[in-house]
1. In the range 154-183, what residues are in a loop (DSSP other than H, G, I, E, B), within 19 Å of A111 (Cα to Cα) and either open to solvent by less than 20 Å² (accessible area, probe 1.4 Å) or in contact (Cβ under 8 Å) with a residue 40 or more places away in the chain (or both)?
2. For the range 205-233, what are the residues that are open to solvent by 60 Å² or more (accessible area, probe 1.4 Å), over 23 Å from Y164 (Cβ atoms) and part of a strand (DSSP E or B)?
3. In this structure, is G107 modelled with pLDDT under 95 and over 13 Å from the mean Cα position of the chain (by Cα)?
4. Identify all residues within the range 141-164 that are modelled with pLDDT of 90 or more and not polar (S, T, N, Q); write none if there are none.
Amino acid sequence: HYGMGLQNGGYKGCSIDGYWSENTGADGIDIKDNGSVSRAFQLNNIFVFNFGQLDEPANPWAGVDVMSLAPQVYNVFVSDFGARGQQGACVRIKQGPIGDMVSRGTGGAWANVFNITAIQNKFNPDVPDVVALHIKAPHVNYGNVVAYGDGGKIGTGVHVEERYCQGTNVQVAHAKEGYYTSTASGPSGRVYGDADACTIVGLTVLDTLNPVRLDRKYQKLLHVTLKGCPVGLSSGGQH
């Protein structure tokens with residue numbers, strides 16, 4: 001079902017350097033804090049292939065699913081995923097229990113998520129709702145993200161649902177959406193307002209239906225290149 005599941009919470013100094021997962025029903029690797037406990041997990045050199053092959057309508061799968069305070073995630077390669085089930089993600093970053101306002105982590109505790117490559121997909125012939133990098137946590141630095149929708153295409157390259165998330169060097173090709181900021185898709189307690197201090201520097205989107213979708217205010221973008229996209233920016237559903 002999972003390649004690896006560490007979900008009891010309270011792990012201290014958990015560091016995984018070098019991990020390979022292949023042919024799993026749901027997640028390639030799933031690491032979660034329990035209750036309001038948060039520790040800074042460290043993941044490096046993670047490879048996940050052929051995951052998300054079970055129908056899980058209530059629990060969308062992810063190649064790498066991390067719920068932690070300020071995780072450090074580097075060098076992740078994910079491909080061949082998601083023939084069934086709901087929207088999933090190649091890499092999902094969450095912070096504290098969904099809907100819990102108390103354990104959201106503030107005070108300069110930043111996650112770092114860098115060198116993420118997601119390639120989709122030899123299974124699903126239609127455009128799925130798979131997100132290459134799904135950020136459901138505040139205070140995230142991310143960069144060097146490549147999302148390439150080979151064959152089945154990718155739903156969204158980078159989807160940000162929180163505040164204070166800073167990105168650099170994001171490249172998306174052959175997707176439904178390139179870069180998307182929104183309010184929460186989960187319980188109502190996750191609606192955390194506008195995209196304050198959400199910035200992205202260096203965004204390149206190729207052959208993508210909706211390359212930049214901004215459904216929250218105060219988003220900042222710099223050095224944006226769009227090619228082969230039928231529209232430019234859209235905001236609140238309007239192009």
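1. So the first thing to find is which residues in the range 154-183 are in a loop (DSSP other than H, G, I, E, B), and the list is 161-164, 174, 182-183.
Keeping just the survivors that are within 19 Å of A111 (Cα to Cα) gives 161-164.
Of everything in the range 154-183, those that are in a loop (DSSP other than H, G, I, E, B), within 19 Å of A111 (Cα to Cα) and either open to solvent by less than 20 Å² (accessible area, probe 1.4 Å) or in contact (Cβ under 8 Å) with a residue 40 or more places away in the chain (or both) turn out to be E161, E162.
2. L206, T225, L226, K227
3. Details: modelled with pLDDT under 95: yes; over 13 Å from the mean Cα position of the chain (by Cα): yes.
The answer is yes for G107.
4. Going through the range 141-164, the residues modelled with pLDDT of 90 or more turn out to be 141-148, 156-160.
Within the range 141-164, Y142, G143, V145, V146, A147, Y148, G157, V158, H159, V160 qualify.
The values are calculated or read from the model by the stated rules, or taken from the named source; none is laboratory data. Predicted model only: the values in this text are computed from it and were never measured. All Cβ positions, glycine included, derive from the backbone under ideal geometry; neighbour counts span all protein chains shown. Quick note on the areas: whole protein, heavy atoms, side chains included, nothing else; ligands and nucleic acids left out. Shrake-Rupley method; radii C 1.70, N 1.55, O 1.52, S 1.80 Å.
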